[in-house]
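For reference, the structure discussed in these notes is given below.
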Amino acid sequence: MELFDAEWYLEQNPDVKKAVRNGLWASAYDHFKTCGRAEGRAPLDPAVAQLLQQPNGTPLNVEELAASAEGTCLLIGWVDDRVDPIIEFAMQPYGGPQIDLKQHIRRFRRPDVADIKRVRPESFDFGFWAAVQGPPATWPEASIRVRFASNRVAELQLQTTTIGPIDLRDRILGLLASPRNRASRADGVDHGLTRVLAALTRDRLHSLGGLRRAGIMLGSSTARRSGGFKGRCRSSLHTNRISSETD
């Protein structure tokens, strides 16, 4: 598979950019494959090309992996896959089954990364985050494996931060609401978030239900030991009535 960065190619070749704009060439790649390659024009940034030549070189960075005890997890990071698209994106929780993340990934702008890459923030959505349901247990770590179109593989071993279901739900809702996390091109896909948020809310309700049941049991036990509030009232009224009649 030939890798080609159209935006970089046009920026490096103003004459081609002008020709494409004027309709003399259908696209940047059309020019490159027809005569650009023969002219010795590079198809992409040499620094990126050098990185792609490294078998274990990785443009992937995961900044956070948080998970609740019920198994819901949140992954946040960024990846530079402009010229080498992601084919597989999977997570392997410690002691649990592998989870396919690709269908859950949401992309968004990362101006800080775009600045490092020296491109316009709106030119590419480097950021990603995903919320998925994992195994219902506390797992201390997980491995992330990403395979790109060039067959390069990036693997990371991550420590997991444990977080409560309500805090995790609020984090996800915050990511959805923040203008910073909007994608340049909204895809309109749910990415499984409805099910994840419903599970987090259900976990919270179950937790509250357990507390209520514990409170009811404690209240019933206290009432039995003291004879109950109503019983004490009736006993007090009966004693007062007897005392009044005796007087």
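The values are calculated or read from the model by the stated rules, or taken from the named source; none is laboratory data. Quick caveat, the model's predicted, so the values are computed rather than measured. Every residue, glycine among them, receives a Cβ derived from its backbone with ideal geometry; neighbour counts consider all protein chains shown.
Conditions (1) surrounded by 15 or more Cβ atoms within 10 Å (Cβ to Cβ); (2) hydroxyl-bearing (Ser, Thr, Tyr); (3) modelled with pLDDT under 90; (4) farther than 25 Å from residue 153 by Cβ, marked per residue:
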{"site": "2", "(1), (2), (3), (4)": "no, no, yes, no"}
{"site": "13", "(1), (2), (3), (4)": "yes, no, no, yes"}
{"site": "20", "(1), (2), (3), (4)": "yes, no, no, yes"}
{"site": "23", "(1), (2), (3), (4)": "no, no, no, yes"}
{"site": "26", "(1), (2), (3), (4)": "no, no, no, yes"}
{"site": "40", "(1), (2), (3), (4)": "no, no, no, yes"}
{"site": "48", "(1), (2), (3), (4)": "yes, no, yes, no"}
{"site": "51", "(1), (2), (3), (4)": "yes, no, yes, no"}
{"site": "57", "(1), (2), (3), (4)": "no, no, yes, no"}
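Look at the stretch 77-101: where a residue is acidic (Asp, Glu) and a partner is part of a loop (DSSP other than H, G, I, E, B), sitting 6+ places away or on another chain with Cβ atoms under 7 Å, you get 80/59; 80/126; 81/59; 84/3; 84/149; 84/150; 84/152. Checking 165, 111, 121 one by one, the residue that is in contact with a Lys or Arg (Cβ under 7 Å, 6 or more places away or on another chain), without any contact (Cβ under 8 Å) to a residue 24 or more places away in the chain, farther than 17 Å from residue 87 by Cβ and not acidic (Asp, Glu) is 121 and no other. On inspection, residue 130 passes the criterion of being small (Gly, Ala, Ser), assigned to a strand (DSSP E or B) and touching a Lys or Arg at 6+ places or on another chain (Cβ under 7 Å). Filtering 115, 81 for residues that are under 22 Å from residue 175 (Cβ atoms), buried (at least 17 other Cβ atoms within 10 Å of the Cβ) and in the same structural domain as residue 177 (by TED's automatic domain parsing) leaves a single hit, 81.
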